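Only one structure is covered here, and it is reproduced in the block below.
The values are calculated or read from the model by the stated rules, or taken from the named source; none is laboratory data. These numbers were taken from a predicted model, which means no experiment stands behind them. Don't worry about glycine lacking a Cβ; one is built from the backbone with ideal geometry, like all the others, and counts go over all protein chains shown. In case anyone asks, the SASA skips ligands and DNA or RNA and just uses the protein heavy atoms, side chains included. Shrake-Rupley method; radii C 1.70, N 1.55, O 1.52, S 1.80 Å.
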Amino acid sequence: MSTHISVPPQLLLERILTLEIVRVTERAAVSAARLRGHGQEKPADQAAVDAMRRELNKLPIEGTIVIGEGERDEAPMLFIGEKVGLNAGPQVDIAVDPLEGTTLCAKNMPGAIATMAMADGGTLLHAPDVYMQKLAVGPGYAKGVVELDASPADNVRRLAKAKGVEPGAITVLVLDRPRHADIIAGVRSTGAAVRLITDGDVAGVIHCADPDNTGVDMYIGTGGAPEGVLAAAALRCIGGQMQCRLILDSDEKRERAHKMGVTDPKMIYGIEDMVRGDCLFAATGVTTGSLLSGVKFRKDVIETETVVMRSVTGTVRYIKAEHRQLDKFHLD
């Protein structure tokens, strides 16, 4: 007696794409990792971009880059609005950061990743390349437990109360920048701890989703808006809350945002505003960090570690891969 398992076509496709987008970030990570520690930010980024684009164009999708390397005039590849894929299959929005933490890769410091998100067409926020205020916490809290317009100290106290601990048991992740001095002082005034990172705020926000393993309860600070959308895609898959606001402090930025469909420059965006549909998220480690192991080059094997998430099921997979067919990485 044979058992026939039927999977609805849309889910079958999503299942196939789950593995396919892992291949995309793996290729980008391996290409960037070849230039780890060489002090060359742009060549490492370009290598990741080339590899990611090559793989995206093999996928059975009608893809549009909505978060990419920049606007068309400044990015020859993976620019905002670029079409990718085989032009067959579902229409999808794609957000990419082929090498998040170019400086980390150039200096061979922890935490560089290759990352992307894919969502139903028309559901990802088209964010201009400007700064964005960000506040994120992990899953398991009542909606609105922290608020973007509350002070850092107030947010620490609110989160501690919701978690049932003293403020001193809370750790907040902050990008190490002079502009964040007041945030750092505010957090520390409550007795809470600050963990500083030099780069990589997509990975930074994702740390909040798994505080038991990362030790990070909250993320506060300003960083790139494109990275905010990518991080929101990850949090949509694994739970958590995020509030963001674009920093549109010049006429030129307001005009650019308006052209991308931003009608209210002061709007506070939640995860559902930035990622409205089902989505897939993947990140592969380039250099080893607290989130993922970096690429390892062995004699006949290349090893990678990737996290891939699906919002429709809430599934999070960590994929440790050993690649033996090395010519797929275009070694020339």
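Per-atom-type breakdown for region 182-250 gives carbon and sulfur 46% of the accessible area (1.4 Å probe, protein chains only).
Placing a label point 7 Å from the Cα of ASP249 along the Cα-to-Cβ direction, the residues of region 156-191 whose backbone N falls under 17 Å from that point are 175-184.
Among the trypsin sites (Lys or Arg not before Pro) in region 276-332, those placed in a DSSP loop whose Cβ has at most 10 other Cβ atoms within 10 Å are ARG298, LYS299, ARG324. Counting only DSSP beta bridges whose two residues both lie in the chain, roughly 80 percent are antiparallel. At an R0 of 56 angstrom, the distance between the Cβ atoms of LEU326 and LYS266 translates into a FRET efficiency of 0.65. Across region 37-130, the convex hull enclosing all Cα atoms gives 94 Å³ per residue.
Considering lysine pairs in region 80-193 that are 8 or more places apart or on different chains, how many have Cα atoms under 27 Å apart? Kindly include the intermediate steps, with their values, before the conclusion.
Details: LYS107/LYS134; LYS134/LYS143; LYS134/LYS161; LYS134/LYS163; LYS143/LYS161; LYS143/LYS163.
So the count works out to 6.
Its DSSP H runs of at least 4 residues, each contributing -39,500 (n - 2.57), put the calculated 222 nm mean residue ellipticity of the chain at -9500 deg cm²/dmol, to the nearest 500.
For region 160-174, putting each phi into the Karplus relation 6.51 cos²θ - 1.76 cosθ + 1.60 with θ = phi - 60° gives couplings of 4, 4, 5, 7, x, 10, 6, x, x, 8, 8, 10, 10, 8, 9 Hz, in residue order, rounded to whole numbers and with x for Gly and Pro. Modelled spin labels at GLU74 and ASP120, positioned 7 Å past Cα toward Cβ, are 3.2 nm from each other.
Solvent-accessible area assigned to carbon and sulfur over region 65-170 amounts to 50 percent, based on a 1.4 Å probe.
Here's how it looks for ARG195: its modeled amide H is under 5 Å from those of VAL172, LEU173, VAL174, which are all 5 or more places away or on a different chain. Rolling a 1.4 Å probe across the protein heavy atoms gives region 195-247 an accessible surface of 25 Å² per residue.
Does region 179-293 classify as rounded, prolate or oblate by the C-alpha gyration tensor (a ≥ b ≥ c root eigenvalues; a/c under 1.5 gives rounded; else a/b over b/c gives prolate, otherwise oblate)? Write down the numbers at each step before the final one.
On the way: a/c = 1.88, a/b = 1.28, b/c = 1.47.
The shape class here is oblate.
Would you work out if region 287-327 is rounded, prolate or oblate? Take a ≥ b ≥ c from the square roots of the eigenvalues of the alpha-carbon gyration tensor; rounded if a/c is under 1.5, else prolate when a/b is larger than b/c, oblate otherwise. Oblate.
Taking θ as phi - 60° and the Karplus parameters 6.51, -1.76 and 1.60, the scalar couplings of region 308-324 work out to 10, 10, 10, 6, 5, 10, x, 7, 10, 10, 9, 10, 8, 10, 10, 9, 9 Hz in sequence order, x denoting glycine and proline.
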